[in-house]
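J.: Before anything else, here's the structure in question.
The values are calculated or read from the model by the stated rules, or taken from the named source; none is laboratory data. Predicted model, so just to flag it, every value in this text is computed and none were measured. Reconstructed Cβ throughout: ideal geometry from the backbone, glycine too, with neighbour counts over all protein chains shown. In case anyone asks, the SASA skips ligands and DNA or RNA and just uses the protein heavy atoms, side chains included. Shrake-Rupley method; radii C 1.70, N 1.55, O 1.52, S 1.80 Å.
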Amino acid sequence: MKKNLTALMLALGLTISLTACGGGNDDTADTPKYPLSPVEDLTGVDTSAIVGVEDGVLTVGMECAYAPYNWTQMDDSNGAVPIANVDGAYANGYDVMIAQRICDAYGWKLEIVSSAWDSLTPAVQSKTMDANIAGQSMTADRMAEVDMAGPYYYATIVCVTTKNSKYADAKSIADLAGGKCTSQSGTIWYDTCLPQIQGADIQAPADSAPAMTMALQTGTVDFICTDMPTAQGAVSKDDNLVILNFSGTDGDFQFASEEERAENVNIGISVLKDNTELKEAMDKVLSAMTVEDFDKLMAYAIAVQPEV
């Protein structure tokens with residue numbers, strides 16, 4: 001998630017309550033149209049023996065609270081899909097758009113289930129979900145538990161602070177020394193990145209991306225660590241926030257190798273271990289997409305993201 005999307009970082013949409021995560025935007029002259037060409041028709045492929053989609057339904061888990069990857073809204077605008085386990089609510093975002101594209105290719109029905117972040121992998125392992133399309137990094141630890149299709153996005157790791165913060169002009173993670181900070185629980189940002197900041201005053205992890213951003217907005221922390229799309233989505237809705245991007249410099253977060261860095265910035269789709277057929281079916285659709293396609297779709301998701 002390292003692309004320059006500033007032209008599409010305008011706040012669009014209706015004002016909603018923090019607890020309701022209200023609806024998306026109506027199509028207007030200011031809202032970009034869905035940017036991708038129609039998906040390849042793969043409905044002639046027999047998928048009836050693929051574990052999870054024998055019934056023609058792909059059940060996908062996501063938080064529905066991790067914009068711009070996924071969010072909850074109260075109507076079906078901009079292609080939102082009903083959330084199966086939340087009456088009257090709809091899911092939208094980059095993950096939903098990717099899921100719908102895969103389903104359109106094979107003629108599957110898409111079913112979205114809202115799930116807590118820490119419950120996503122167990123849900124796939126127990127076959128409660130056919131897949132998780134939820135902004136999950138393709139780490140070695142995660143891929144020991146599930147198989148992953150993709151990548152379906154590439155995400156740089158950044159920090160976010162406020163414009164009036166003493167850290168707003170930071171040029172490297174060394175400049176963040178001693179700062180009070182947090183990130184989302186169960187992520188590389190919290191477990192691996194924040195501990196690299198010398199003397200960092202690391203607070204308890206946030207249980208969701210919105211909670212992480214709220215901690216920054218309320219002054220509970222000086223900065224947060226996240227990935228670029230999450231940061232861009234937050235900045236597009238709050239012009240008091242600023243992104244600190246150290247990628248490509250000696251002051252960036254460090255990994256043992258470029259391979260390890262790649263596994264933490266590549267975003268993939270979790271499926272049941274050894275469900276090779278479902279993984280390959282998804283990879284066939286994803287492999288037809290370019291990095292530019294991913295960027296266009298993420299830009300669109302950010303542009304239609306509702307206020308949170």
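J.: With the structure loaded, tell me whether G248 is at pLDDT below 95, farther than 30 Å from S126 by Cβ and not in a loop (DSSP other than H, G, I, E, B) or whether it fails that test.
T.: Details: at pLDDT below 95: yes; farther than 30 Å from S126 by Cβ: yes; not in a loop (DSSP other than H, G, I, E, B): no.
Considered against the rule, which asks whether it is at pLDDT below 95, farther than 30 Å from S126 by Cβ and not in a loop (DSSP other than H, G, I, E, B), G248 comes out as no.
J.: Report, ordered by the first and then the second residue, all pairs with beta carbons closer than 8 Å, sequence separation of six or more or different chains, a first member in the range 154-170 that is at positive phi, and a second member that is at pLDDT 95 or above.
T.: Partner pairs satisfying both residue conditions: none exist.
J.: Let me confirm something: among V86, V113, V124, V146, which residue is of a type outside the set (K, R) and over 20 Å from L272 (Cβ atoms)? Spell out the reasoning first.
T.: Details: V113 fails: over 20 Å from L272 (Cβ atoms); V124 fails: over 20 Å from L272 (Cβ atoms); V146 fails: over 20 Å from L272 (Cβ atoms).
The match here is V86.
J.: Which fully enclosed strands (runs of 3 or more DSSP E) of the range 32-115 have 2 or more residues being among the aliphatic types (A, V, I, L, M) and open to solvent by less than 10 Å² (accessible area, probe 1.4 Å)?
T.: Numbers: elements: 57-62, 71-73, 90-92, 109-114.
Hits in the range 32-115: 57-62.
J.: If you check T162 against the conditions, is it open to solvent by 10 Å² or more (accessible area, probe 1.4 Å) and over 19 Å from D250 (Cα atoms)? Spell out the reasoning first.
T.: Values: open to solvent by 10 Å² or more (accessible area, probe 1.4 Å): yes; over 19 Å from D250 (Cα atoms): yes.
Yes; evaluated as a whole, the condition is true for this residue.
J.: Can you tell me which residue within the range 280-307, out of those that are β-branched (V, I, T) and surrounded by 23 or more Cβ atoms within 10 Å (Cβ to Cβ), is nearest to the chain's Cα centre (by Cα)?
T.: Initial filter on the range 280-307 (β-branched (V, I, T)): 285, 290-291, 302, 304.
Okay, now just the ones that are also surrounded by 23 or more Cβ atoms within 10 Å (Cβ to Cβ), so 302, 304.
On the way: I302: 11, V304: 15 Å.
Looking at the filtered set, the residue picked out is I302.
J.: D252 fails exactly one of the following numbered conditions: (1) closer than 21 Å to M62 by Cβ; (2) acidic (D, E); (3) crowded, with 18+ Cβ neighbours inside 10 Å. What is the number of that condition?
T.: Answer for D252: the failing condition is (1).
J.: Quick one: which residue in P210, P229 is assigned to a helix (DSSP H, G or I), closer than 27 Å to L120 by Cα, open to solvent by less than 30 Å² (accessible area, probe 1.4 Å) and not β-branched (V, I, T)?
T.: P229
J.: I'm checking my understanding of the structure. Among residues of the range 191-204 that are within 28 Å of D250 (Cβ to Cβ), surrounded by fewer than 18 Cβ atoms within 10 Å (Cβ to Cβ) and not polar (S, T, N, Q), which one is nearest to the chain's Cα centre (by Cα)?
T.: If we take residues in the range 191-204 being within 28 Å of D250 (Cβ to Cβ), surrounded by fewer than 18 Cβ atoms within 10 Å (Cβ to Cβ) and not polar (S, T, N, Q), then D191 is nearest to the chain's Cα centre (by Cα).
J.: If you scan the range 144-153, which residues turn out to be touching a residue at least 60 places away in the same chain (Cβ under 8 Å) and either surrounded by fewer than 22 Cβ atoms within 10 Å (Cβ to Cβ) or not small (G, A, S) (or both)? Write out each step before concluding.
T.: Residues of the range 144-153 that are touching a residue at least 60 places away in the same chain (Cβ under 8 Å), as a first pass: 145-153.
Passing the criteria: E145, V146, D147, M148, G150, P151, Y152, Y153.
J.: Report every pair of residues separated by at least 6 positions or lying on different chains whose Cβ atoms are under 8 Å apart, first residue within the range 235-251 and touching a residue at least 40 places away in the same chain (Cβ under 8 Å) and closer than 15 Å to L216 by Cβ, second of a type in the set (F, W, Y) and part of a loop (DSSP other than H, G, I, E, B).
T.: L244/Y167
J.: Tell me which residues, restricted to the range 123-147, are of a type in the set (K, R) and at positive phi. First the steps, then the outcome.
T.: Pass one, the range 123-147, residues of a type in the set (K, R): 127, 142.
Within the range 123-147, just K127 meets the criteria.
J.: Which condition breaks for G107 when tested against (1) within 17 Å of I269 (Cβ to Cβ); (2) touching a Ser or Thr at 6+ places or on another chain (Cβ under 6 Å)?
T.: (1)
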